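Visitor: Please see the structure below; I have some questions.
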Amino acid sequence: MSDKPVRFGLIGFGAWGRHHADSIARTPGAKLVAIAARSEDSAQAARETYPDVAACTDYRELLARDDLDAIDIVVPSFLHCEIASAALESGRHVLLEKPMATTVEDCDRLIDVAQKNNRLLAIGHELRLSSLWGLVKSMIDDGYIGDPLYALVELSRKPYRTGADGWRYDISRVGNWILEEPIHFFDLARWYLSSSGDPVSVYATANSRQPDHPELQDNFSAILKFRGGAYAVVSQTLSAFEHHQTVKVTGRKGALWASWSGAMDRTRQATFSLRAFNGDEVKTIPIERSSGELFELEEQIAMFARAVRGQGSLACPAGEGRWSVAMCQAAQKSVELGQPVKFE
Ligand SMILES: NC(=O)C1=CN([C@@H]2O[C@H](COP(=O)(O)OP(=O)(O)OC[C@H]3O[C@@H](n4cnc5c(N)ncnc54)[C@H](OP(=O)(O)O)[C@@H]3O)[C@@H](O)[C@H]2O)C=CC1
Ligand SMILES: O=C1CO[C@H](CO)[C@@H](O)[C@@H]1O
């Protein structure tokens with residue numbers, strides 16, 4: 001493609017889709033052309049917010065347009081495979097929110113459709129683009145703590161939003177709750193401990209606050225063992241308040257400790273810090289840019305638009321999104337069996 005702006009169609013205009021719309025609209029090199037939601041109320045909200053953008057209530061109508069280069073998909077997770085397949089088959093590059101799909105089989109289907117149509121398929125694991133979580137990765141890669149042996153990725157937050165039509169609290173539509181937040185942390189843990197090879201097993205446990213809904217697991221913890229001997233602990237509670245995430249990584253010669261706290265996940269007014277120790281003294285590392293998922297989303301849209309123009313790579317290609325879904329499903333199996341599950 002030339003340097004013309006990438007023309008985006010957005011499918012899904014709910015809580016997170018509205019932030020995608022805002023990010024596309026703010027990104028130089030991207031143009032928001034059309035939006036599809038499900039209800040007339042959401043389509044109308046899209047028209048009012050973006051009077052120059054077409055809005056409809058059928059994603060097929062959006063895909064039938066001839067003025068779109070890329071489709072950004074931000075719909076309930078059970079619809080990811082159906083809608084992303086249709087978008088790829090329509091010949092557009094796709095940015096698909098996490099989880100890539102609710103089953104590994106559907107991830108494989110999507111990889112196949114993307115390959116057959118020779119289109120880009122990027123998955124929305126935006127934490128990799130964070131000024132905070134990304135700095136942890138670069139310090140590990142620069143050898144600051146020596147070989148990493150242990151990573152803790154921990155979240156304490158208020159309960160999930162219900163989602164349009166309550167889909168997030170319906171296990172047949174959400175898949176499981178590990179696919180909601182912990183999926184981000186599996187992605188980070190694997191990224192941080194990549195020098196130890198791939199994870200070989202996961203041992204997880206979980207429980208629910210609601211006796212009549214044991215499948216909605218508010219508290220979740222998992223241990224991932226890596227081929228080279230490192231291990232990671234991923235842990236979350238949804239029974240808390242605000243949004244507080246911590247990463248601790250220790251290696252043969254030092255340690256990193258990153259924290260992020262906000263009134264909610266999508267605030268632009270968070271407090272965050274990174275402290276580092278490599279055997280001599282504890283340092284506070286300056287963070288150059290603001291941190292939080294709204295900033296990371298903007299980076300993600302900009303990076304995807306560059307990749308569509310043939311300039312640069314994807315932050316999270318489909319194969320990586322598939323890996324994270326597979327790890328969530330293995331963790332869910334471990335919760336159900338009460339035993340470690342091998343992971344290939
Ligand atoms: N990477 C990240 O950090 C985050 C990722 N997510 C992911 O994004 C996705 C959406 O989450 P969220 O925005 O919170 O969910 P919401 O329920 O708030 O929004 C879902 C949107 O999808 C629309 N929709 C539903 N069915 C269709 C359809 N058939 N065609 C077109 N639009 C449809 C809904 O339309 P209507 O409004 O008309 O009902 C709504 O606008 C999920 O997969 C979630 O896991 C979410 C938050 C953060
Ligand atoms: O990052 C996230 C923030 O919270 C959402 C749920 O409320 C998740 O879906 C999501 O992935």
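The values are calculated or read from the model by the stated rules, or taken from the named source; none is laboratory data. All values reported here derive from a predicted model rather than from experimental measurement. Don't worry about glycine lacking a Cβ; one is built from the backbone with ideal geometry, like all the others, and counts go over all protein chains shown.
Visitor: Read through the list (1) within 19 Å of the chain's Cα centre (by Cα); (2) of a type in the set (Ser, Thr, Tyr); (3) within 16 Å of Ser138 (Cα to Cα), then give the number of the only condition that Ser261 fails.
Guide: (3)
Visitor: Could you identify the single residue in Arg7, Arg38, Arg18, Arg47 that is surrounded by fewer than 22 Cβ atoms within 10 Å (Cβ to Cβ), more than 16 Å from ligand 2 (Cβ to nearest atom) and assigned to a helix (DSSP H, G or I)? Walk me through it before giving the result.
Guide: Numbers: Arg7 fails: assigned to a helix (DSSP H, G or I); Arg38 fails: assigned to a helix (DSSP H, G or I); Arg18 fails: more than 16 Å from ligand 2 (Cβ to nearest atom).
None of the others qualify; the one that does is Arg47.
Visitor: Taking the condition in contact with a strand residue (DSSP E or B) (Cβ under 6 Å, 6 or more places away or on another chain) and closer than 27 Å to Ser23 by Cα, does Val174 pass?
Guide: On the way: in contact with a strand residue (DSSP E or B) (Cβ under 6 Å, 6 or more places away or on another chain): no; closer than 27 Å to Ser23 by Cα: yes.
When the stated conditions are applied, Val174 does not pass them.
Visitor: Considering only residues that are away from ligand 1 (no atom under 12 Å from the Cβ) and either in a loop (DSSP other than H, G, I, E, B) or surrounded by 19 or more Cβ atoms within 10 Å (Cβ to Cβ) (or both), which ones fall in the stretch 98-110? Steps first, please.
Guide: Restricting attention to the stretch 98-110, the residues satisfying the condition of being away from ligand 1 (no atom under 12 Å from the Cβ) are 103-110.
Passing the criteria: Thr103, Asp106, Cys107, Leu110.
Visitor: For the stretch 218-236, state whether one or more residues are in a loop (DSSP other than H, G, I, E, B), within 17 Å of Glu180 (Cβ to Cβ) and either of a type in the set (A, V, I, L, M) or modelled with pLDDT under 95 (or both). Write out each step before concluding.
Guide: Here is the first cut: in the stretch 218-236, the residues in a loop (DSSP other than H, G, I, E, B) are 218, 227-230.
The next check asks that each one be within 17 Å of Glu180 (Cβ to Cβ); those that pass are 218.
Filter once more, keeping what is either of a type in the set (A, V, I, L, M) or modelled with pLDDT under 95 (or both): none.
No; the residues of the stretch 218-236 include none that is in a loop (DSSP other than H, G, I, E, B), within 17 Å of Glu180 (Cβ to Cβ) and either of a type in the set (A, V, I, L, M) or modelled with pLDDT under 95 (or both).
Visitor: Scan the stretch 56-74 for residues that are touching a residue at least 24 places away in the same chain (Cβ under 8 Å) and surrounded by 17 or more Cβ atoms within 10 Å (Cβ to Cβ) and report the count.
Guide: Adding up the residues that qualify gives 10.
Visitor: Regarding the stretch 120-135, can at least one residue be identified that is away from ligand 1 (no atom under 13 Å from the Cβ) and not assigned by TED's automatic domain parsing to the domain that holds Asp170? Give the derivation first.
Guide: Taking the stretch 120-135 as the starting set, the residues that turn out to be away from ligand 1 (no atom under 13 Å from the Cβ) are 120-121, 131-132, 134-135.
Narrowing the set further to residues that are not assigned by TED's automatic domain parsing to the domain that holds Asp170 leaves 120-121.
Taking every residue of the stretch 120-135 in turn, at least one turns out to be away from ligand 1 (no atom under 13 Å from the Cβ) and not assigned by TED's automatic domain parsing to the domain that holds Asp170.
Visitor: Further question on the same structure: So which of Lys248, Lys333 ends up being at pLDDT 95 or above, among the charged types (D, E, K, R), assigned to a helix (DSSP H, G or I) and out of contact with any helix residue (DSSP H, G or I) (no Cβ under 9 Å at 6 or more places or on another chain)? Explain how you work it out, then say what you get.
Guide: On the way: Lys248 fails: assigned to a helix (DSSP H, G or I).
Within the list Lys248, Lys333, the selection yields Lys333.
Visitor: For the stretch 138-165, enumerate the residues that are within 9 Å of ligand 1 (Cβ to nearest atom) and out of contact with any Leu (no Cβ under 8 Å at 6 or more places or on another chain).
Guide: Listed by number, the residues that qualify are Arg161, Thr162, Gly163, Ala164, Asp165.
Visitor: Name the residues in the stretch 263-313 that are aliphatic (A, V, I, L, M), touching a residue at least 12 places away in the same chain (Cβ under 8 Å) and part of a strand (DSSP E or B), would you?
Guide: Of all residues in the stretch 263-313, those aliphatic (A, V, I, L, M) come to 263-264, 270, 274, 276, 282, 285, 287, 294, 297, 301-303, 305, 307-308.
Subsequent filtering for residues that are touching a residue at least 12 places away in the same chain (Cβ under 8 Å) retains 263-264, 270, 274, 276, 285, 287, 294, 297, 301-303, 305, 307-308.
Those that are aliphatic (A, V, I, L, M), touching a residue at least 12 places away in the same chain (Cβ under 8 Å) and part of a strand (DSSP E or B): Leu274, Ala276.
Visitor: Which one is farthest from ligand 2 (Cβ to nearest atom), of the residues in the stretch 310-325 that are surrounded by fewer than 18 Cβ atoms within 10 Å (Cβ to Cβ) and farther than 11 Å from Gly124 by Cα?
Guide: Here is the first cut: in the stretch 310-325, the ones surrounded by fewer than 18 Cβ atoms within 10 Å (Cβ to Cβ) are 310-313, 317, 319.
Checking the rest, the ones that are also farther than 11 Å from Gly124 by Cα come to 310-313, 319.
Details: Gly310: 29, Gln311: 27, Gly312: 24, Ser313: 22, Gly319: 20 Å.
Looking at residues that are surrounded by fewer than 18 Cβ atoms within 10 Å (Cβ to Cβ) and farther than 11 Å from Gly124 by Cα, I get Gly310.
Visitor: A further question follows. If I ask for residues that are surrounded by fewer than 19 Cβ atoms within 10 Å (Cβ to Cβ) and either more than 13 Å from ligand 2 (Cβ to nearest atom) or of a type in the set (Ser, Thr, Tyr) (or both), which ones from the stretch 150-165 would you list?
Guide: Result: Tyr150, Leu152, Glu154, Ser156, Tyr160, Thr162, Asp165.
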